[in-house]
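The values are calculated or read from the model by the stated rules, or taken from the named source; none is laboratory data. All values reported here derive from a predicted model rather than from experimental measurement. Here the Cβ positions follow ideal geometry from the backbone for every residue, glycine too, while neighbour counts run over all protein chains shown.
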Amino acid sequence: MLPYELKHRILPTVTSFTSLIMLRIKFTQNIGAFVGRAIPGVGWVILATDVSLITYRTVGAYNRMVKPEDRLYG
């Protein structure tokens, strides 16, 4: 897709979850490989942010509607 390559291997990539945990980072000079490996990680971060924000706002809205003794988390 992106056949452009750099002269030096300067783009860090992580190829699997275990290599992320073990901090095994490989460098590549192919921009297509860098973008293709980075996009799923960005998606997981956005998903986690959305889930936590929805949960926080839902609990807040519920706590505003119910009696004090029925509230969640204090």
Would you be able to say whether some residue in the range 39-61 is at pLDDT 85 or above, in contact with a Leu (Cβ under 8 Å, 6 or more places away or on another chain), surrounded by 11 or more Cβ atoms within 10 Å (Cβ to Cβ) and of a type outside the set (Val, Ile, Thr)? no
Output the residues belonging to the range 9-35 that are of a type outside the set (Lys, Arg) and in a loop (DSSP other than H, G, I, E, B). Ile10, Val14, Thr15, Ser16, Met22, Leu23, Ile25, Gln29
